[in-house]
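This report refers to the structure that appears directly beneath it.
Read the figures in this text as sums done on the coordinates, not as results from a lab. Because the structure is predicted, anything quoted here is derived from the model rather than measured. Cβ placement follows ideal geometry from the backbone for every residue including glycine, while neighbour counts extend to all protein chains displayed.
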Amino acid sequence: MGDPRQDLHQGVFTFGIPLSLGGWIAMGIGVLMLIIAVPTFLLAGTLVDAPPPGEVPLVADPGGEQPDDAPTVLREGRQGAEGHWVRTTAKTTETYAEITCTTNEDGEESWSLYVLNQRSEFLLPNGDMLVLTNPSAPHGYPTPGCQDYTVQANEDVQLLVFVNHESGEEEVLGVGVRDERAQRPLGRMTAFTTSFGTLAIACLVLMGSTSPPGAGMLKKLQRAHDPHPRLHQDAEGLRYAVAPEWSGDQHDWVFDPPGVEAWNRTMPYAADNPEALLPEHPNNLGKLHLATFTMYSVWGLGFVAAVSMLGIYSDRAYGLIGRLIMQGSLALFSGLVFWASWGRWKRLHSIIDTPTSPIRSVAVGMAEVVGEVRPAATGSMRVTVGTQSVPGSSTAITALTSGIGKAAIKSMTGQHLQQHTVDGVVAYKWLQEVWETRGSGDDKVTKWWHEAEDQGSTPFLIHDGTGGLHVDPATWLNRSWSSATQGKGSRMASLFGGGRSTFNFGPAVFDWQVGNIVSIGSMTGINRPRRWTMHCLRIGDPVYALGRVQPRTSEALAAEGLDGSVPSSNLTMVGEDDVGISASMHRGTELSVMCSVRSTTEAIVTPALMVIAAVLPILM
């Protein structure tokens, strides 16, 4: 592929398209919300300002002089006629409305109001008449049990009236019956608030769907790369591993290491022939030039603008308490985004900024190394996945070593035994799940349930082309949660999920299933579907390790027949922490880490602006 550094440079901006189905779904949801927000914003410009009815004074004559506390607003848009709001009490002049109640199967009530006359008239105390020109105007009405009733003539009603200063027209835009307060119509402030709130949430969703600048580039490089064969070493020697087909993932090599023909087979700890750092070693990759901006920044600035406008309109639309709740929620969420982004940025840069030692010059103490998994004297493992019976068979998978057993698997699943067997493994964990229904009554749940699991490891060598280093993965794999989180930056552990160990395998390498969820056997429970998920580290995989390098014992050297002439053969790495540093190991090199980093502008500045925009309206 040539010099890898030529493929790792970007300009100032890249789009950052989603890289997974979930990301595309999130983007679709975000775009749909944008489509809703824009027409709502345009609609808001045609509406009258409608303050909360509690802020509108109650008067006897709407046509009288404007009260000092009556809200003055525009009829519509920025150019509409000016007017003010009042509430008044009037009487119906005829049978006004029918109010009905229905219940569904769950006993939930549903109320509806139907205005009988499309131009109902109301009699004011001074003898004037007001006309309801919009029968769909909002109404406030009591709901006493689930009983229908009718609003008769000569009943008191409360009216919410907009008095147009230009035409003098008095519009009834809200009604309350049977001592209920008049309801307000959808107003400009409410519509603006809805549009800006929807826009803010849409921007957050779209931010989450935008991939880091280097992620798409990395995926493109990996698509053009076919995984090279993995190897297995046992008593019979080194050979190609037997395993299900694998198409690679984001933790595989992008730039292949030298083939086995370059290995020093007589002295595995010695440098390759010719000696050269692996193409994907951090010292070869140099400094990445990733884009400063993606659509993440664009959507972040959209969130800032939406929240700023939301602070202006929400107070009028929902009052002080409503505004504090809305702005407080957005401020809290923005703070969480900033906290998570800041923490991830620090962890990523703590990895990238830590110098990676060439193995030929690694010294005793804490060290970071990157290389290829190669077999130690103990070789590699053959792992058979699963302990339970295959549906339809009473023979356990772990015992299926005979020709009859293989034929049984083949006849039931179309899979040979080796599809449940993985060669060349130096560390692994697998999970077996069964699809079934558990519980009873309302607590009955049908899903994939955990049935069995296992993990294991064997020592191996990390080789970067300049030398090999003995490591014992069990010291990472078997660490407890408490020991795994000691010290300040748990780096790879916290970045890649950690769990109860600081060994991260990345995505599952293999997974398969026996039986269908939708089948007679599944529904009757006779043949319950099962699935297996295999995470592993194999000979030929890329590996990153941060741990303590210490001298090997003379007994360990003698057991391998080593004379100590190769300096790195005298050392071993274990998963022990140091002050402020937590040991970690993961499948992959630093390239996958580098390509998941956002620029400082996107990781720090954009979330900080989001927090400021959300907090300022609360403080003002």
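The table below gives the values:
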read-out: Zero-based 5 Å bins, Cα pair distances in the range 52-185, whole percents; value: 2, 10, 20, 22, 18, 12, 8, 5, 3, 1, 0
read-out: For Leu431, net neighbour charge (Lys/Arg +1, Asp/Glu -1) across residues whose Cβ lies under 12 Å away; value: -2
read-out: FRET efficiency for Gln147 and Asp511, using Cβ-Cβ distance with R0 set to 60 Å, rounded to 0.05; value: 0.55
read-out: Residue-wise HN-Hα coupling along the range 206-218, computed from phi with Karplus coefficients 6.51, -1.76, 1.60 (Hz; x: Gly, Pro); value: 5, 4, x, 8, 7, 7, x, x, x, 5, x, 4, 4
read-out: Cut-off 12 Å between beta-carbons: net charge of the residues surrounding Thr14, Lys and Arg +1, Asp and Glu -1; value: +1
read-out: Other-chain or far-sequence residues with amide H under 5 Å of Trp449's (modelled H); value: Val434, Trp435, Glu436
read-out: Under the Karplus curve 6.51 cos²θ - 1.76 cosθ + 1.60, θ = phi - 60°, whole-Hz ³J(HN,Hα) for the range 167-177, x wherever Gly or Pro sits; value: 9, x, 5, 10, 9, 7, 10, x, 9, x, 10
read-out: Projected-area average for the range 128-243 over all orientations - Cα convex hull basis, square nanometres; value: 19.7
read-out: Summed residue charge, Cβ within 14 Å of Glu180's Cβ, Lys/Arg positive, Asp/Glu negative; value: +1
read-out: Förster-model FRET efficiency, 25 Å R0, Phe13 and His228, C-beta, rounded to 0.05; value: 0.15
read-out: Arg538 long-range amide H proximity, modeled H, under 5 Å; value: Val426
read-out: Packing-based exposure ordering (other Cβ within 10 Å, fewest first) of Tyr149, Tyr240, Tyr114, Tyr296; value: Tyr114, Tyr240, Tyr149, Tyr296
read-out: Ascending count of other beta-carbon atoms within 10 Å, so fewest first, for Lys447, Lys219; value: Lys447, Lys219
read-out: For Val605, Val307, Val434, order by how many other beta-carbon atoms lie within 10 Å, fewest first; value: Val605, Val434, Val307
read-out: 5 angstrom amide H check on Ser582, placed H, neighbours 5+ away; value: Gly489
